[in-house]
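Only one structure is covered here, and it is reproduced in the block below.
The values are calculated or read from the model by the stated rules, or taken from the named source; none is laboratory data. Model, not experiment: these values are computed from the prediction. Here the Cβ positions follow ideal geometry from the backbone for every residue, glycine too, while neighbour counts run over all protein chains shown. Note: areas computed on protein heavy atoms with side chains; ligands, DNA, RNA excluded. Shrake-Rupley method; radii C 1.70, N 1.55, O 1.52, S 1.80 Å.
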Amino acid sequence: MFRNKKTCSDTKSTLSVTFITTIVIILLHFYESEFMENNNVPKHLYFYSVGLSYKKADAEVRGQFSLDAIAKTRLLEQAKSEGIESLIVTSTCNRTEIYGFAEHPFQLIKLICDNSNGSVDAFQKVGFVYKNQEAIGHMFRVGTGLDSQILGDFEIISQIKTSFAHSKSLGLANAFLERLVNAVIQASKKIKNETEISSGATSVSFASVQYILKNVEDIGNKNILLFGTGKIGRNTCENLVKHTKNEHITLINRTKDKAEKLAGKLNLIVKDYSELHLELQKADVVVVATGAQNPTVDKAILNLKKPLLILDLSIPKNVNENVEELEGVTLIHMDYLSQLTDETLENRKLHIPAAEAIIEEVKEEFITWTKGRKFAPTINALKEKLNEIKVSELDFQSRKIADFNEAQAEIISNRIIQKITTHFANHLKDDSTMVDESIEWIEKVFKIKAS
């Protein structure tokens, strides 16, 4: 007839804890329906990759959007002044791209157009915009050489490293971007070490030397002039020395000491930039690989008395197409050289699946990290909030119920809180979950702010 008093109090304490859970569930159901009907969702930042590449833009258009070192710095400073907090910019002979956070991709497109000779109209015809997961995937393919003009060309990864360091020095690289760049570098190294996608000598510089060997007779006795000693120029020079056995190679660079440094290693001749027009008259083959923004070689400075082969490996183009109006001049641009496929490239294609598998593995680790990093503070804040509710309720019930078993109530309450937070965590981990939006309404319902 009469129940045990301790059992009664335990039951009441359990009911009180259950009451907390019930209130939480009711609040969630209420807000979920409110959220679905609420269209006034605050703006979010998204991760974008915007730019253009050899795939849709020819050399002339790529030249319009090319960014030199000064333009890159100017772009980053403009981004900072416009409230963009994290981005990197790369500009090579094959592509100009920005990876960064913005409310809308036009904010990033505008940065490219404002700091180059390209226009928004031109960008819309050849440019691309990737968002969130697609942007992340694109960066992995670019950094690992799968998106290179010549498959397996890994030179772009050093560009990405340099670009990140530049952004970081200006305070424009957040933890997400740093982790992403490191993941791309990791995938690039792994693909290079574990596959043969970069096997064999295939690059724009090597393709140019192959073209010279096939199209110029007695190349060992011809006069070769290399104008520009940047990365492509240096690689081309080394390939020329190695494969032509030519002792008549002359180097010219705007900054003479750079040319002298390279010439010293390879035992070559160096001339002043002021002697360019004279050396052009002597040359049988000219390789132009400068970083100038406007053509430096045109028909006005050529006074030829013999045939001349000119290879322009520059973006923007550094050889004016009017040179072809002169008899005996053959002009070849890097886009043509990049189309020359051989057995080496065909063999590389066989290793694409293995490279893609490595990318997926490293990318999945990165995505897992981003999700955990994004919602972990919210889950911790939620747990703290539920603990506050628990402490308040247990204190209230202990004063209201005689012989209140606080120890048992504590155990039960903690288990319920753990189960609630686990449910939320599993929801946020789900691939179909819109994490940003879910975090927002969790924080709004419980009036919490994750640190």
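Right, Lys305: charged (D, E, K, R) and out of contact with any helix residue (DSSP H, G or I) (no Cβ under 8 Å at 6 or more places or on another chain) or not? Let's see the steps before the verdict.
Numbers: charged (D, E, K, R): yes; out of contact with any helix residue (DSSP H, G or I) (no Cβ under 8 Å at 6 or more places or on another chain): no.
Against the criterion (charged (D, E, K, R) and out of contact with any helix residue (DSSP H, G or I) (no Cβ under 8 Å at 6 or more places or on another chain)), Lys305 does not qualify.
Which condition number does Leu226 fail, the rest of (1) in contact with a strand residue (DSSP E or B) (Cβ under 8 Å, 6 or more places away or on another chain); (2) part of a helix (DSSP H, G or I) being met?
(2)
Run Ser86 past the list (1) closer than 26 Å to Gln293 by Cα; (2) modelled with pLDDT of 95 or more; (3) open to solvent by less than 20 Å² (accessible area, probe 1.4 Å) and report the number of the one that doesn't hold.
Every listed condition holds for Ser86 apart from (1).
Taking the range 187-216 as the search range and keeping residues that are surrounded by fewer than 16 Cβ atoms within 10 Å (Cβ to Cβ) and at pLDDT 90 or above, which one is nearest to Leu331 (Cα to Cα)?
Asn215
Pairs under 9 Å by beta carbon, first residue within 12 Å of Phe164 (Cα to Cα) and free of Cβ contacts under 8 Å to residues at least 40 places away in the same chain in the range 71-90, partner among the polar types (S, T, N, Q) and open to solvent by 50 Å² or more (accessible area, probe 1.4 Å), six or more apart or different chains?
Sorted first by the residue in the range 71-90, then by its partner, the list stays empty.
Give the residue that is farthest from Glu60 (Cα to Cα), with candidates limited to residues of the range 299-314 that are touching a strand residue (DSSP E or B) at 6+ places or on another chain (Cβ under 9 Å) and open to solvent by 50 Å² or more (accessible area, probe 1.4 Å).
Quick first cut of the range 299-314, residues touching a strand residue (DSSP E or B) at 6+ places or on another chain (Cβ under 9 Å) only: 299, 302, 304, 307-314.
Adding the requirement that they be open to solvent by 50 Å² or more (accessible area, probe 1.4 Å) leaves 299, 307.
Working: Lys299: 19, Pro307: 26 Å.
Checked the range 299-314; the qualifying residue farthest from Glu60 (Cα to Cα) is Pro307.
Please find, within the range 153-175, the residue that is surrounded by the most Cβ atoms within 10 Å (Cβ to Cβ) out of those that are without any contact (Cβ under 8 Å) to a residue 24 or more places away in the chain and over 21 Å from Arg62 (Cβ atoms).
Lys168
Look at the range 377-401 and say how many of its residues are of a type in the set (A, V, I, L, M) and either open to solvent by 40 Å² or more (accessible area, probe 1.4 Å) or within 17 Å of Val181 (Cβ to Cβ) (or both).
Taking the range 377-401 first, the residues of a type in the set (A, V, I, L, M) are 379, 381-382, 386, 389, 391, 394, 401.
Next, from what is left, pick out any that are either open to solvent by 40 Å² or more (accessible area, probe 1.4 Å) or within 17 Å of Val181 (Cβ to Cβ) (or both): 389, 391.
Matching residues across the range 377-401 total 2.
State the number of residues belonging to the range 282-291 that are open to solvent by 20 Å² or more (accessible area, probe 1.4 Å) and under 20 Å from Gln64 (Cα atoms). Walk me through it before giving the result.
Here is the first cut: in the range 282-291, the ones open to solvent by 20 Å² or more (accessible area, probe 1.4 Å) are 282, 284, 290-291.
Now drop any that are not under 20 Å from Gln64 (Cα atoms), which leaves 290-291.
Qualifying residue count for the region: 2.
Return the residue satisfying two criteria in turn: it lies in the range 395-451 and is in a helix (DSSP H, G or I), of a type in the set (D, E, K, R) and touching a Lys or Arg at 6+ places or on another chain (Cβ under 7 Å), and of such residues it is farthest from Glu365 (Cα to Cα).
Quick first cut of the range 395-451, residues in a helix (DSSP H, G or I) only: 395-400, 406-429, 435-445.
Applying the additional criterion that residues be of a type in the set (D, E, K, R) yields 395, 399-400, 406, 410, 415, 419, 429, 436-437, 440, 443-444.
Those left that are additionally touching a Lys or Arg at 6+ places or on another chain (Cβ under 7 Å): 429, 443.
Details: Lys429: 13, Glu443: 26 Å.
Of everything passing the filter in the range 395-451, Glu443 is farthest from Glu365 (Cα to Cα).
Residue under question is Phe106, and the condition is that it be touching a residue at least 40 places away in the same chain (Cβ under 8 Å) and under 22 Å from Asp68 (Cα atoms); does it hold? Before the answer, list the steps.
Details: touching a residue at least 40 places away in the same chain (Cβ under 8 Å): no; under 22 Å from Asp68 (Cα atoms): yes.
Here the answer is no, as Phe106 does not meet what is asked.
Looking only at the range 407-429, filter to residues that are surrounded by fewer than 12 Cβ atoms within 10 Å (Cβ to Cβ) and of a type in the set (D, E, K, R); which one of those is farthest from Phe47 (Cα to Cα)?
Restricting to residues being surrounded by fewer than 12 Cβ atoms within 10 Å (Cβ to Cβ) and of a type in the set (D, E, K, R), the top hit is Arg415.
Take the residues of the range 331-355 that are assigned to a helix (DSSP H, G or I) and surrounded by 18 or more Cβ atoms within 10 Å (Cβ to Cβ): which is modelled with the lowest pLDDT?
Ser338
Taking the options Lys256, Lys231, name whichever one is of a type in the set (Lys, Arg) and more than 24 Å from Arg95 (Cβ to Cβ). Walk me through it before giving the result.
Numbers: Lys231 fails: more than 24 Å from Arg95 (Cβ to Cβ).
Being of a type in the set (Lys, Arg) and more than 24 Å from Arg95 (Cβ to Cβ) holds for just one of Lys256, Lys231, which is Lys256.
Mind counting the residues in the range 129-152 that are open to solvent by less than 30 Å² (accessible area, probe 1.4 Å) and under 20 Å from Gly63 (Cβ atoms)?
Of the range 129-152, the ones open to solvent by less than 30 Å² (accessible area, probe 1.4 Å) are 135-140, 142-148, 150-152.
Within this subset, residues satisfying the condition of being under 20 Å from Gly63 (Cβ atoms) are 142, 147-148, 150.
Result for the range 129-152: 4.
Could you list, in sequence order, all residues of the range 364-376 that are at pLDDT 90 or above and open to solvent by 40 Å² or more (accessible area, probe 1.4 Å)? If you could, list the steps in order and put the result at the bottom.
Pass one, the range 364-376, residues at pLDDT 90 or above: 364-366.
Hits for the range 364-376 are Glu364, Glu365.
Testing Leu213 on (1) more than 29 Å from the chain's Cα centre (by Cα); (2) in a helix (DSSP H, G or I); (3) in contact (Cβ under 8 Å) with a residue 60 or more places away in the chain, one condition comes back false. Which one is that?
So the condition that Leu213 fails would be (3).
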